[in-house]
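Chemist: Just dropping this structure here.
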Amino acid sequence: MDEEKKNGQTEITDTQKKRTVYLDHAATTYVDKRVLKEMLPYFTDKFGNANSQHGFGRDTASALALARKRTAAAINAKPEEIYFTSSGSEADNWALRGIAHAHKSKGNHIITTAIEHPAIYKTCQELEHDGFAITYLPVDGDGSVSPDVLAAAITDKTILVSIMFANNEIGTVLPIRELAKVAKAHKILFHTDAVQAVGSIAVNVKDLGVDLLSLSGHKFYGPKGVGALYVRTGIKISRLISGGEQERGLRGGTSNTPSIVGLGKAIELATTDLESQSKKIARLRDYFVKEVEKRIPEVKFNGSRTARLPGNANFSFRYIEGESILFSLDLAGIAASSGSACSSNSLEPSRVLLSIGVPVGIAHGSIRFSFGKANTKADVDYVLEVLENKIQKLRDMSPLYNRTSDEPIPMIGGCKI
Ligand SMILES: *Cc1c(COP(=O)(O)O)cnc(C)c1O
């Protein structure tokens, strides 16, 4: 089959013949074949250290330069504003700590939101222990933050605002341009975790007016374990890793050439194809959402219906646990993700769902379906059929189904449902 049709996904082998549908692209994506092809020589023939003074080194250095150029072009930055990291998480950690420590003489206050990815959320909690004051802005029912809410939280000690571009659980896209404008009016630096946005929606750092931005290769059909932090020219950020002069002396360590080359190719492909791919993916997602709401009673759609990533659908199915649904789907070869962190050692449902006002009991029955470029309508029809059937079966077994709403909620499997 030609590459276009397969969307760069490796063909299914005999041992994988059982029907599988992958709807967890927000967790990670496969590496596009075209990306892998560019990466492979950098493991073997072109293995030089980019800092070496010979032909092998120069080959690698020029490959890194091309990847930096491609990454910059994809977000309308300059190549010298791109710093490669080992992940989106590393870029997020570095943005927060690097700015906090480089600017602490100006103040100790940082503003973020209640719905950030753990790479931001936990780093903020740690910065609180280090003496920084953090404001976690509340979000509205869609998971968005208004510029007024941000403006009201700013104090004369505020040095940084970090607000995600698009939420990884509920897919809501936040008004980053408007939010960054508020920060700029107060001369406060603005960082956005754009890990879910890059490759799915247009991201233009100049147009957005952001000072720092994180992205990650494996969310847009590149390899895992490589990301980048955009830092606008002229912004002071403290060094992440002391060592060699890699990444302009701010992040030492011999560059991970194959992965950086892969990220560069993947971001170029993703942004070139962006409009047609995201339209195709959104059409499938919209069809899925419409059919779920038509066929399955007592579902709650989570997140914004309009300001939303093309590939994300998040539902709470009343009276059942997300974990049981996931398990049933998995048995049928369907990969999705639970919006709930409910497990034997945690009774807490998703912080994001609670923040948008989903009641604890309902939040536990939440599933994220995230679509990607290799999904087809036949995949979606299969998932709908399985889902309708499994939800009914699980509800038939649930002592909660058909109960009246004011009865007490019993505990099942360690979770309040
Ligand atoms: C996946 C993700 C990250 C972490 O990126 P890694 O490269 O997996 O470390 C950070 N933020 C968001 C919003 C994400 O979806």
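Chemist: I'm told Ser86 meets every condition in (1) over 20 Å from Val210 (Cβ atoms); (2) away from the ligand (no atom under 16 Å from the Cβ); (3) at pLDDT 95 or above except one. Can you identify the failing condition by its number?
Modeler: In the conditions (1) over 20 Å from Val210 (Cβ atoms); (2) away from the ligand (no atom under 16 Å from the Cβ); (3) at pLDDT 95 or above, Ser86 misses (2) alone.
Chemist: If you go through segment 159-171 one residue at a time, do you hit one that is modelled with pLDDT of 95 or more, surrounded by fewer than 20 Cβ atoms within 10 Å (Cβ to Cβ) and within 18 Å of Leu212 (Cβ to Cβ)? Step through it out loud before you land on a result.
Modeler: Quick first cut of segment 159-171, residues modelled with pLDDT of 95 or more only: 159-171.
From what is left, the residues that are surrounded by fewer than 20 Cβ atoms within 10 Å (Cβ to Cβ) are none.
Within segment 159-171, not a single residue is modelled with pLDDT of 95 or more, surrounded by fewer than 20 Cβ atoms within 10 Å (Cβ to Cβ) and within 18 Å of Leu212 (Cβ to Cβ).
Chemist: Determine whether Gly333 is at positive phi and touching a residue at least 24 places away in the same chain (Cβ under 8 Å). Spell out how you get there, then give the answer.
Modeler: Values: at positive phi: yes; touching a residue at least 24 places away in the same chain (Cβ under 8 Å): yes.
Against the criterion (at positive phi and touching a residue at least 24 places away in the same chain (Cβ under 8 Å)), Gly333 qualifies.
Chemist: Another one. Does segment 47-54 include one or more residues that are assigned by TED's automatic domain parsing to the domain that holds Ile201, within 19 Å of Ala183 (Cβ to Cβ) and in contact with a Leu (Cβ under 7 Å, 6 or more places away or on another chain)? Steps first, please.
Modeler: As a first pass, look at segment 47-54 and keep what is assigned by TED's automatic domain parsing to the domain that holds Ile201: 47-54.
Checking which are within 19 Å of Ala183 (Cβ to Cβ) leaves us with none.
No, there is no match, as no residue in segment 47-54 is assigned by TED's automatic domain parsing to the domain that holds Ile201, within 19 Å of Ala183 (Cβ to Cβ) and in contact with a Leu (Cβ under 7 Å, 6 or more places away or on another chain).
Chemist: For residues that are open to solvent by less than 40 Å² (accessible area, probe 1.4 Å), over 20 Å from Arg58 (Cα atoms) and either charged (D, E, K, R) or more than 16 Å from the ligand (Cβ to nearest atom) (or both), tally how many sit in segment 252-271.
Modeler: 1
Chemist: Can I ask one more? Going residue by residue through segment 180-197, is there one that turns out to be open to solvent by 10 Å² or more (accessible area, probe 1.4 Å) and under 11 Å from the mean Cα position of the chain (by Cα)?
Modeler: yes
Chemist: Further question on the same structure: Show the residue pairs that are 6+ apart or on different chains and have beta-carbon atoms under 7 Å apart, the first residue being within segment 28-49 and under 19 Å from Ala270 (Cα atoms) and within 16 Å of the ligand (Cβ to nearest atom), the second being at pLDDT 95 or above and among the hydroxyl-bearing types (Ser, Thr, Tyr).
Modeler: Taking only residues 6 or more apart or on different chains, the pairs are Thr29/Tyr221; Tyr30/Tyr221; Val31/Tyr221; Val35/Tyr221.
Chemist: If you take the residues in segment 291-335 that are open to solvent by 40 Å² or more (accessible area, probe 1.4 Å) and among the aromatic types (Phe, Trp, Tyr), which one is modelled with the lowest pLDDT?
Modeler: Tyr319
Chemist: Mind listing whichever residues of segment 249-266 are in a helix (DSSP H, G or I) and under 15 Å from Trp94 (Cα atoms)?
Modeler: Gly249
Chemist: Asn51 fails exactly one of the following numbered conditions: (1) touching a strand residue (DSSP E or B) at 6+ places or on another chain (Cβ under 9 Å); (2) modelled with pLDDT under 95. What is the number of that condition?
Modeler: (1)
Chemist: Let me confirm something: among Ile111, Ile170, which residue is within 12 Å of the ligand (Cβ to nearest atom) and of a type in the set (A, V, I, L, M)?
Modeler: Ile170
The values are calculated or read from the model by the stated rules, or taken from the named source; none is laboratory data. Here the structure is a predicted model, which is why all the values come from computation and not from measurement. Here the Cβ is made from the backbone with ideal geometry for all residues, glycine too, and neighbour counts use every protein chain on show. The protein model used for the area step is the full one, side chains on, heavy atoms only, and it has no ligands, DNA or RNA in it. Shrake-Rupley method; radii C 1.70, N 1.55, O 1.52, S 1.80 Å.
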